[in-house]
Amino acid sequence: MLNASLKELSALLAGKKISSFELTQTFLKRINELNPALNAFITVDAEKSLAQARAADERIAAGQADLLTGIPFAQKDIFCAQDWLSTCGSKMLANFSAPYDAHVIEQFNRAGAVNLGKTNMDEFAMGSSNETSFFGKVKNPWDVSRVPGGSSGGSAAAVAARLCPAATGTDTGGSIRQPAALVGITGLKPTYGTVSRYGMIAFASSLDQAGPMARSAEDCALMMNVMAGFDSRDSTSLEREKEDYTRDLNQPLKGLRIGLPKEYFAEGLAADVAKAVEAALSEYRKLGAETVDISLPNTRLSIPVYYVLAPAEASSNLARYDGVRYGYRAPEYGDLTDMYQKSRAQGFGPEVKRRIMIGTYVLSAGYYDAYYIQAQKLRRLIAQDFETAFKQCDVIMGPTAPTTAFKLGEKSDDPVSMYLSDIYTIAVNLAGLPGMSVPCGFGDNGLPVGLQIVGNYFAEAKMLNVAHQYQLATDWHQRMPLLHGEG
Amino acid sequence: MQWEVVIGLETHAQLNTVTKIFSGAATAYGAEPNTQACAVDLALPGVLPVFNRAAAEKAVRFGLAVGARINRKSVFERKNYFYPDLPKGYQTTQLELPIVAEGGTLRIQVPSTGSGQAYEKDIRITRAHMEEDAGKSLHEDFHGMTGIDLNRAGTPLVEIVTEPDMRSSTEAVAYAKMLHSLVRWIGICDGNMQEGSFRCDANVSVRIKGTDTLGTRCEIKNLNSFKFLEKAIEYEVRRQIELIEDGGRVVQETRLYDPDRDETRSMRSKEEANDYRYFPDPDLLPLVVSDAYIEEIRSALPELPQAKRERFINEYSLPPYDAGVLTSARELADYFEATLRSLLSKGVGILTTPEYPSAEIFAAKITANWVINDLSSALNNASLEIVDSPISSAQLAGLLKRIQDSTISGKIAKEVFAAMWNGEGEADAVIEAKGLKQVSDSGAIEKIIDEIIAANPGQLAEYRSGKDKLFGFFVGQAMKASKGKANPAQLNEILKQKLAG
């Protein structure tokens with residue numbers, strides 16, 4: 001059952017082979033056993049989850065079940081869920097119980113899914129290793145001395161370790177794809193505007209996008225059917241026809257043109273990662289695809305551009321955490337300014353403070369034009385690179401991350417080296433395009449490698465098809481880490 | 001030394017939308033603190049703004065009313081600063097691309113002062129942009145603490161900025177009053193200054209008359225009455241001139257006016273000013289308005305005060321002063337025209353007052369007089385708005401008709417008006433019930449005059465010996481004897497004949 005796909009679980013539930021209550025209990029038990037070693041969850045509330053499971057069982061009994069009714073999902077702690085602690089991995093919100101549901105949570109609730117708990121994450125989604133969480137580091141289930149990637153590291157680790165059938169993540173610069181790659185699962189960051197950001201705690205509004213993290217492309221497609229859709233409460237939500245993301249899963253790949261950006265296979269890419277990606281490309285050729293050499297010349301600019309724009313937005317988005325209305329307030333302070341300063345100094349961790357300072361700096365009078373405006377111009381150039389590339393190919397492929405999972409603490413003191421682990425993912429967010437990571441093998445140290453698939457705007461169904469066909473031909477996505485504590 | 005005062009105003013007018021500019025919470029004034037603040041207004045984690053297009057419609061209406069260019073694309077930006085009544089830590093406003101661009105003007109009527117005549121002047125509107133209001137900090141009721149009421153947070157505002165075109169506090173007040181009248185006229189703001197719906201910041205500087213460069217300005221914040229605006233500017237002008245004349249220098253700063261002490265005080269200097277780190281709000285798309293949308297709003301605009309004022313002058317030959325007063329509020333202008341129309345519909349009759357060129361013009365003038373004087377002061381005393389007048393325009397026309405056709409004198413009309421105000425019925429009913437009909441029977445008037453003359457032989461002799469002033473005495477006596485009902489024109493004529501002997 002731990003390895004059952006969403007479709008299989010759905011069939012088991014519909015056929016009354018298992019109840020949602022039992023299924024939820026099974027995963028809660030596994031979380032209980034394995035989470036202490038992984039620290040993938042911030043909040044688990046068996047009572048709440050089981051109450052939802054009972055309601056789902058009633059709905060199934062009444063014959064009103066949807067496909068995902070009764071299936072438990074882990075939710076990244078960036079999503080507000082009514083009466084659940086919604087901490088965003090920060091001391092600042094450690095005591096914040098959300099009074100409302102995020103759109104994504106609402107959508108899962110509507111589908112009758114069970115909230116299995118809130119997963120750990122880098123503080124305010126700022127990080128690539130899940131080491132910045134106030135609630136402690138998350139460990140990679142393949143090697144607990146290593147990072148699971150970030151910022152959706154808790155969701156990634158939970159899915160990889162089979163603590164949940166699937167989970168949600170969010171991706172601002174690679175926060176779904178990079179951890180998916182580092183723990184060997186499948187993750188999709190949709191086109192910007194596809195999934196409503198309402199109730200998703202903001203990091204960088206123009207880049208943040210929620211998406212599924214699951215074991216297979218097919219599971220991701222089923223989750224997209226629940227998560228995507230127009231929401232008038234998010235002004236950047238796109239008003240489009242509801243689509244079925246599973247519709248093209250079984251299309252053959254013959255004639256598919258795969259673009260290979262030379263910049264993604266250059267200096268900085270680890271040899272074992274390159275090897276696994278090359279092998280995946282050979283597999284695609286076998287499936288009838290052809291590869292085309294392309295160039296994304298402004299790739300090298302994406303990290304500096306991102307580290308101007310994302311902190312700029314973050315510095316403003318995080319201004320609301322001032323200790324006045326909710327969240328952390330310093331226990332002792334003098335006047336108002338002192339209250340602000342102490343509350344924020346004590347409530348935010350060092351990476352968040354670093355980005356607030358960078359963002360404040362680049363927006364300051366005298367620097368705004370040189371940094372913010374310049375970065376916006378380059379952002380358009382980066383998007384144009386992709387526009388040009390998609391004239392030559394249907395999808396773009398390359399590594400998701402330059403290396404396999406690195407050691408805990410290895411890059412904690414070197415932010416720039418940490419930032420470079422998102423070199424292949426960030427440009428996709430800047431362009432607003434959809435991107436995926438699919439397991440494509442293992443590196444020298446036995447750690448998973450992810451293949452990144454980037455599609456044109458709204459090409460999610462196509463990308464899921466491309467990933468699904470590969471997963472029919474390979475079994476990388478079914479490999480499961482061996483965990484201590486298992487019976 | 002001759003000093004010239006230079007003033008520009010920035011006015012915040014609350015747009016009278018039902019809900020807030022970026023949330024669905026109500027904007028009504030006066031609710032219990034924090035009962036009209038939803039998750040968005042409280043800036044809870046994860047919430048997002050959704051723009052209320054009703055605010056844009058009202059801002060565009062303003063732009064068109066002053067003849068400004070409307071930006072087809074305007075952009076909301078974040079103005080970042082920390083304050084407890086600013087929940088998000090930034091105010092969403094418009095900076096680079098405001099909804100109302102340049103090109104607007106507002107014509108003001110500057111009243112005569114001791115030193116000069118009344119005149120008109122055009123004040124240029126630089127721009128007008130939409131933004132959200134902040135909440136309120138309540139310092140009074142909390143010992144050693146500050147209360148925060150976020151009911152007002154997110155109320156839509158339009159900030160209207162002028163060029164530094166005003167040269168005196170009188171002009172500034174005339175502008176503020178004209179603008180106040182306009183925003184109410186076009187129905188975008190209730191104009192309630194006590195509730196903070198309309199408040200001004202004044203940028204004030206002085207320079208030696210004849211120089212071109214502007215002096216260093218000070219901004220006086222949050223002036224929420226015309227009187228405070230006037231006094232604050234006057235104080236500030238005196239302060240700046242004295243400072244310079246004493247060899248000092250004006251420092252650019254923000255100042256607050258203290259009405260209790262009638263002075264302005266420094267709030268923060270330019271050096272202390274926040275760096276607001278403006279940038280386009282990534283949660284909101286640029287606001288795009290089409291030509292068709294703008295034309296639709298333009299075609300629905302009412303006749304504007306300036307046009308109406310000119311029409312009253314041209315069509316009804318009203319003096320500019322009367323036309324200005326009547327067009328100070330749309331309801332007042334409407335009441336005036338409704339009364340006049342009703343009066344004219346009763347037939348103009350013959351002109352009995354030779355100083356007016358036509359019966360129509362006479363009708364317009366007496367209507368204007370009664371609306372501006374008797375009705376307005378009665379409403380004022382009762383603290384009523386014109387729309388709540390106990391005397392309808394049709395009823396007032398009924399009264400004016402009786403003045404015009406000489407059924408009653410102007411003086412008796414005041415008595416009838418008072419009775420009508422008290423709900424004693426239509427003019428004719430009151431006249432009938434109180435027997436106030438003017439006496440136009442020359443026999444009856446002659447009889448009264450004969451009696452008065454007979455009773456005052458001494459005064460008669462004096463009059464006849466050349467003391468003309470005594471004519472007034474006889475008029476008064478005769479009028480009194482008729483209980484005010486004698487037709488004044490007839491009485492004058494007959495009295496003149498009789499006194500001549």
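Return the FRET efficiency for the residue pair residue B:418, residue B:119: r is the Cβ-Cβ distance, R0 is 41 Å, and the value is rounded to the nearest 0.05.
About 0.65, to the nearest 0.05.
Projected onto the charge dipole of the protein assembly as shown (+1 at Lys/Arg Cβ, -1 at Asp/Glu Cβ, origin at the Cα centre), which of A:204, A:39, A:65 gives the Cα projection farthest towards the positive end?
A:65
Find how much the distance from residue B:4 to residue B:381 grows on full extension, using 0.36 nm per residue of separation minus their present alpha carbon separation; answer in nm with one decimal.
131.8 nm
Take the Cα gyration tensor of the stretch A:278-401, multiply each eigenvalue by 5, square-root it, and list the three semi-axes largest first, rounded to whole angstrom.
Taking √(5λ) for each Cα gyration eigenvalue gives 43, 19, 10 Å.
Structure shown: which of B:58/B:227; B:177/B:221; B:79/B:136; A:262/A:391; B:411/B:437; B:434/B:483 lie over 20 Å apart, alpha-carbon to alpha-carbon?
Working: B:58/B:227 27 Å; B:177/B:221 17 Å; B:79/B:136 18 Å; A:262/A:391 16 Å; B:411/B:437 12 Å; B:434/B:483 12 Å.
Those over the limit are B:58/B:227.
What is the order of A:411, B:121, A:391, fewest Cβ neighbours within 10 Å to most? Write down the numbers at each step before the final one.
Working: A:411 19, B:121 16, A:391 8.
Neighbour counts put them in this order, fewest first: A:391, B:121, A:411.
Placing +1 at every Lys and Arg Cβ and -1 at every Asp and Glu Cβ, with all other atoms neutral, what dipole size does the stretch B:212-370 have around its Cα centre, in debye to the nearest 20?
380 debye
For residue A:16, which aspartates and glutamates qualify as cross-link partners when the Cα separation must be under 15 Å and same-chain residues fewer than eight apart are set aside?
Answer for residue A:16, where 15 Å is the Cα cut-off: A:8, A:57, A:58, A:66, listed by chain and number.
Answer rounded, prolate or oblate for the protein assembly as shown, using the Cα gyration tensor with square roots of eigenvalues a ≥ b ≥ c: rounded when a/c is under 1.5, else prolate when a/b is larger than b/c, else oblate.
Because a/c hits 1.5 or more and a/b exceeds b/c, the protein assembly as shown counts as prolate.
Pull out a ≥ b ≥ c, the square roots of the eigenvalues of the alpha-carbon gyration tensor of the stretch B:303-434, then state rounded if a/c is under 1.5, prolate if not and a/b is larger than b/c, and oblate in the remaining case.
oblate
Identify all lysines with a Cα-Cα distance to residue B:496 below 19 Å; exclude those on the same chain that are fewer than 8 residues away in sequence.
Within reach: B:447, B:467, B:469, B:480, B:485.
Taking amide H atoms as placed 1.01 Å from N in the peptide plane, list the residues 5 or more away in sequence, or in a different chain, whose amide H sits under 5 Å from that of residue B:99.
B:130
What's the magnitude of the charge dipole for chain A around its Cα centre, counting Lys and Arg as +1 and Asp and Glu as -1 at the beta-carbon? Answer in Debye, nearest 20. Kindly include the intermediate steps, with their values, before the conclusion.
Details: 47 positive and 52 negative charges, 26 e Å.
Computed about the Cα centre, the dipole is about 120 debye.
Please report the relative contact order for chain B, taking Cα pairs under 8 Å with a sequence separation of at least 6, and give it as a percent rounded to a whole number.
Normalised by residue count, the contact order of chain B is 13 percent.
Can you classify the stretch B:442-500 as rounded, prolate or oblate using the Cα gyration tensor, where a ≥ b ≥ c are the square roots of its eigenvalues, rounded means a/c under 1.5, and otherwise it's prolate if a/b beats b/c and oblate if not?
prolate
What are the equivalent ellipsoid semi-axes of the stretch B:3-277, built from the alpha-carbon gyration tensor (square roots of five times its eigenvalues), in whole angstrom, biggest first?
After scaling each eigenvalue by five and taking roots: 32, 23, 17 Å.
Relative contact order (percent) for the stretch B:3-277, with alpha-carbon contacts under 8 angstrom and 6 or more residues of separation?
Normalised by residue count, the contact order of the stretch B:3-277 is 23 percent.
Might you report the magnitude of the Cβ-based charge dipole of the protein assembly as shown about its Cα centre, with Lys and Arg at +1 and Asp and Glu at -1, to the nearest 20 debye?
That gives the protein assembly as shown a dipole magnitude of about 460 debye.
Counting other beta carbons within 10 Å of each Cβ, put A:235, A:5, A:282 in order, fewest first.
Going from least to most buried by this count: A:282, A:5, A:235.
Could you state the number of Å between the C-alpha centres of the stretch B:170-203 and the stretch A:359-376?
37 Å
Throughout, read-outs are computed from the coordinates displayed, never taken from laboratory work. Predicted model only: the values in this text are computed from it and were never measured. Positions of Cβ are generated from backbone atoms using ideal geometry, with glycine treated the same way; all protein chains shown enter the neighbour counts.
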